[in-house]
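Undergrad: Structure incoming, see below.
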Amino acid sequence: RTMRLAARYADEWNFWSTPDVLAVKVRVLHDHCDALGRDPAELQVSTQAPMFLSTDHAWVAERRSTVAGRAIVGTPGEVTEIVGRYRDAGADELIVPDTTLGPLVSAKETCDLFMAEVAAHFRS
């Protein structure tokens, strides 16, 4: 019901997801839009996931072994690939909660690394 309502009334639809699940859900959302005669491009899609990003391969491996599910975990190259998969699945916006970024100094370093080495690939 929620996706049908979003297709009818929403400007944006948000779903906490992995890229693979998001792709399926976006197809369903677009099918609802088609059934209602609405252009799916009128509806923005956003998603979110916790992120663990580092150039330290040992740190990344440790996080990967302890974090299951819907977290983005990896080096800048790996995270770039994951973010690309979200884009390809239909996400117009990826929200990264700050809860996994650590204290202010490390959060700033992670954000700077993300902006320089990941986000730069997605700017138009």
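The values are calculated or read from the model by the stated rules, or taken from the named source; none is laboratory data. Keep in mind it's a predicted model, so treat the numbers as computed, not measured. Here the Cβ positions follow ideal geometry from the backbone for every residue, glycine too, while neighbour counts run over all protein chains shown. We work out accessible area using only protein heavy atoms, side chains counted, and drop any ligands, DNA or RNA first. Shrake-Rupley method; radii C 1.70, N 1.55, O 1.52, S 1.80 Å.
Undergrad: Let me check I've understood the local charge: for S46, count other residues with C-beta under 10 angstrom from its C-beta, Lys and Arg +1, Asp and Glu -1. What total comes out?
TA: -3
Undergrad: Over the chain, with the other protein chains present, what is the accessible area per residue in square angstrom, probe 1.4 angstrom? Present the calculation step by step, with values, prior to reporting the outcome.
TA: Numbers: 7440 Å² over 124 residues.
Dividing the accessible area of the chain by its residue count gives 60 Å².
Undergrad: Also: In what order, largest first, do Y9, Y86 sit by accessible area if the probe radius is 1.4 Å?
TA: On the way: Y9 160, Y86 5 Å².
Ranking Y9, Y86 by accessible area, largest first, yields Y9, Y86.
Undergrad: Specify whether the C-alpha gyration tensor of the stretch 9-63 places it in the rounded, prolate or oblate class, a ≥ b ≥ c being the square roots of the eigenvalues: rounded for a/c under 1.5, otherwise prolate if a/b is larger than b/c and oblate if not.
TA: Values: a/c = 4.61, a/b = 3.18, b/c = 1.45.
Prolate.
Undergrad: Could you tell me what a quarter of the Cα convex hull surface of the chain works out to, in nm² with one decimal place? It would help to have the intermediate numbers written out before the result.
TA: Values: hull surface 32.7 nm².
The directionally averaged projection comes out at 8.2 nm².
Undergrad: Just by accessible area at a 1.4 angstrom probe, what is the order of I82, I95, I72 from largest to smallest?
TA: From most exposed to least exposed: I95, I82, I72.
Undergrad: Please compute the modelled spin-label separation between D92 and A35, points set 7 Å along Cα→Cβ, answer in nm with one decimal.
TA: So the label points at A35 and D92 sit 2.2 nm apart.
Undergrad: Something else: Sequence-distant or interchain residues sharing an amide H contact under 5 Å with N14, placed H: which?
TA: Those lying under 5 Å, H to H, from N14 are S46.
Undergrad: Additional query: Pop out the carbon and sulfur fraction of the accessible area of the chain as a percent, whole number, probe 1.4 Å.
TA: Working: 3960 of 7440 Å².
About 53 percent, which is the carbon plus sulfur part of the accessible surface.
Undergrad: How far apart, in nm, are the 7 Å Cα→Cβ label points at E12 and M115?
TA: 2.0
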